[in-house]
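None of the figures in this text is laboratory data; all of them are computed from the coordinates on show. Computed from a predicted model, the values in this text were never measured in an experiment. For neighbour counting, all protein chains shown are included, and Cβ atoms are generated from backbone atoms with ideal geometry for every residue, glycine included.
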Amino acid sequence: MLGIYCPPIANQIKPGQFVMLKVSDNMSPLLRRPFSVYKSYPASHPEKRKRGHLFILYKKVGEGTRRMTTLSKGQKVDLIGPLGNGFSLPPLPSSAHCVLIGGGVGIVSLYPLAEALRGRKCFVLIGGKTKNDILGAEDFRKLNSNILMATEDGSLGVRGTVVDLFISQTKKFKTNEKYYIYACGPVPMLRALAGTVKSKKFICQVSLETRMGCGFGACWGCVVKTKHPKIPYQRVCQEGPVFRIEDIAWE
Amino acid sequence: MEDCDLTVRIGRMNLKNPVVVSSGTFGFGEEFEDFFDLSRLGAIIPKGISLKPMAGNPPPRIFETEGGILNSIGLQNPGFREFIKSKLPYYKNLKTHLIINFFGNTQKEYVELARRFDDVAGISGLEMNISCPNVKRGGIVFGTDPQMAYRLVQAVRKATALTLIVKLSPNVTDIALMAKSVEEGGADAVSLVNTFRAMAVNIHTKKPELGNTIGGLSGPAIKPIALRMVWEVGQAVNIPIIGMGGIMNATDAIEFILVGASAIQIGTANLINPKTGIEVIHGIKKYLAQNKIDRIQKLVGTFG
């Protein structure tokens with residue numbers, strides 16, 4: 001977890017938006033890296049000491065994240081944000097059901113959403129390869145969300161993927177009610193999910209993760225193929241990262 | 001320090017300073033307005049425009065390598081009509097030069113586009129892209145054959161009175177020869193270098209890192225080669241050179257000016273630090289003041 005004091009971003013950021021972080025002041029790595037913000041504390045937050053802070057939950061996967069582990073307290077970092085379009089919440093007042101589905105580190109971007117949905121009927125499904133890949137369960141529990149977990153090796157929760165878990169839950173869903181589904185995770189997971197939420201009772205948004213150049217719409221490097229009739233390749237950083245699941249060309 | 005004269009003349013354009021932002025790395029400009037006042041730049045070159053809209057290449061389109069970036073965007077753009085309708089009005093309020101980067105699949109398309117842009121108010125110059133490594137037809141085909149480049153520039157020259165800059169590819173044996181050919185064809189200036197054809201391989205998937213397999217390499221990794229090419233071209237032609245290739249800061253920019261560039265373009269650096277352009281202008285001013293040089297033009301080509 002990396003905590004950053006940056007009041008302008010902490011005050012503005014909405015669930016699903018992201019920041020671009022430059023972890024080195026030299027050429028290696030060269031590009032910024034996109035990160036979802038796990039927790040942010042705006043000026044209005046009851047915990048005074050935390051105001052203006054935001055927290056990034058990350059896993060060491062490459063040179064960038066390795067550098068992040070070497071940052072020391074008080075060291076300055078360079079970040080741009082908030083970026084992209086966040087999740088659309090169900091309209092209020094609403095008795096709609098919300099289902100948050102996170103695979104691996106994808107769960108990070110869903111935590112601020114769970115906070116925003118506090119008090120509503122909210123289910124959280126968390127999946128990972130093993131129990132070590134299950135992140136944030138404790139925090140979601142503190143929000144009083146209903147949590148279910150799935151691991152591919154069965155080391156925590158039910159055995160299988162988080163989409164398998166979702167399918168098993170849909171059997172309990174009521175036919176005449178709306179379900180707002182919010183998902184973030186690797187593409188194969190989201191593609192599998194796309195096949196299961198075609199019914200009109202589902203309103204499903206997904207947050208995509210792709211390699212990014214700039215993060216603010218300048219390079220067209222992070223595109224995803226959509227069903228847009230004129231412009232199939234849309235920028236994840238600008239038109240996304242949150243898309244309606246039916247707008248993406250999942251082939 | 002404010003007294004230094006940073007103005008540069010490129011064709012018919014008088015740039016207030018030599019710092020230009022490069023096509024393909026600056027979106028349509030509006031993406032940068034939260035970061036600084038775009039009117040402070042010498043000129044803006046938005047994303048390259050073709051006659052018809054282009055969808056671009058399949059992702060992944062970007063991959064970071066040691067000190068560089070590989071991209072295979074594939075010239076995704078909305079096409080001439082949509083650009084004029086939805087993008088051009090934005091530039092009207094900016095107090096800087098607008099240079100349009102354009103390209104075609106055939107000579108006819110290049111000429112047609114040049115003619116159309118010539119009729120549009122608010123455009124100062126054209127940058128002909130004959131060097132994109134990411135599309136099969138057009139572009140680089142013209143950029144690697146001196147005879148073809150000469151004929152193409154000659155035809156485009158007749159179609160427009162705007163300042164005509166030709167953007168050269170580094171993927172040639174003799175870039176000075178290419179520069180001379182386009183000078184003879186009637187170009188007002190050359191800009192160089194575009195990206196180097198390159199690729200990256202993933203040993204786990206045994207697949208290329210880019211959806212298009214081959215892409216263009218940019219960033220600090222290419223700077224020494226770009227510098228050498230600008231220097232060689234400077235000795236071969238009499239028209240101004242706009243130098244680029246891995247410029248990350250004012251020091252890099254000054255190196256290009258010293259070896260013969262009248263102006264420079266910031267490319268990849270825009271993606272990492274969107275304020276690079278402004279920082280480079282400031283750094284150049286500081287350098288001139290420290291070295292008691294009153295005009296930037298006195299610095300051009302003074303290397304060696």
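Here is how the numbers come out for the structure above:
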{"read-out": "Volume per residue of the C-alpha convex hull in the stretch B:173-304, rounded to whole Å³", "value": "134"}
{"read-out": "Farthest toward positive dipole pole in the protein assembly as shown [+1 Lys/Arg, -1 Asp/Glu at C-beta], among A:Thr69, B:Leu162, B:Ile257", "value": "A:Thr69"}
{"read-out": "Rg/Rh (Cα only; Kirkwood hydrodynamic radius) as it applies to the stretch A:97-247", "value": "0.98"}
{"read-out": "Cubic angstrom per residue, convex hull over Cα atoms of the stretch A:1-117", "value": "108"}
{"read-out": "Sparse-neighbourhood loop sites, GluC sites (Glu not before Pro) in the stretch B:65-167 - DSSP loop, at most 12 other Cβ within 10 angstrom", "value": "B:Glu66"}
{"read-out": "Debye-sum result for the stretch A:49-92 in log10 I(q)/I(0), which assumes one identical scatterer on each alpha carbon, at q = 0.26, 0.33 Å⁻¹", "value": "-1.18, -1.24"}
{"read-out": "The stretch A:124-232: GluC sites (Glu not before Pro) in DSSP loop, at most 11 other beta carbons within 10 Å", "value": "A:Glu177"}
{"read-out": "Order of B:Lys167, A:Lys121, A:Lys201 under a 10 Å beta carbon neighbour criterion, fewest first", "value": "A:Lys201, A:Lys121, B:Lys167"}
{"read-out": "Equivalent ellipsoid dimensions for chain B as semi-axes, Å, which come from the Cα gyration tensor, largest first", "value": "26, 23, 20"}
{"read-out": "Student exercise, the protein assembly as shown dipole from Lys, Arg, Asp, Glu Cβ charges, in Debye to nearest 20", "value": "1700"}
{"read-out": "Scattering curve values for the stretch A:186-251, log₁₀ I(q)/I(0), Debye with Cα scatterers, q = 0.11, 0.25, 0.26, 0.29 Å⁻¹", "value": "-0.25, -1.11, -1.17, -1.33"}
{"read-out": "³J(HN,Hα) computed for each position of the stretch B:57-65 - Karplus, 6.51 cos²θ - 1.76 cosθ + 1.60, integer Hz, glycine/proline x", "value": "8, x, x, x, 10, 9, 8, 8, 10"}
{"read-out": "B:Asp252, B:Asp34, A:Asp164, B:Asp5 arranged by Cβ crowding within 10 Å, fewest neighbours leading", "value": "B:Asp34, B:Asp5, A:Asp164, B:Asp252"}
{"read-out": "Check: chain A dipole with +1 on Lys, Arg Cβ and -1 on Asp, Glu Cβ, in debye", "value": "400"}
{"read-out": "Charge-dipole axis of the protein assembly as shown as Lys and Arg at +1 and Asp and Glu at -1 on Cβ define it, positive-most pick from A:Cys184, A:Val223, B:Ser124", "value": "A:Cys184"}
{"read-out": "For the stretch B:134-205, convex hull of alpha carbons as volume per residue, Å³", "value": "101"}
{"read-out": "Check: the stretch A:2-83 dipole with +1 on Lys, Arg Cβ and -1 on Asp, Glu Cβ, in debye", "value": "220"}
{"read-out": "Radius of gyration and maximum dimension Dmax of the stretch B:250-291, Cα, Å", "value": "10.4, 31"}
{"read-out": "Whole-Å semi-axes of the ellipsoid equivalent to the protein assembly as shown (Cα gyration tensor, √5λ, descending)", "value": "47, 25, 21"}
{"read-out": "Filter on A:Lys121/A:Lys172; A:Lys225/B:Lys167; A:Lys22/A:Lys225; A:Lys14/A:Lys39 - keep pairs with C-alpha separation over 21 Å", "value": "A:Lys225/B:Lys167; A:Lys22/A:Lys225"}
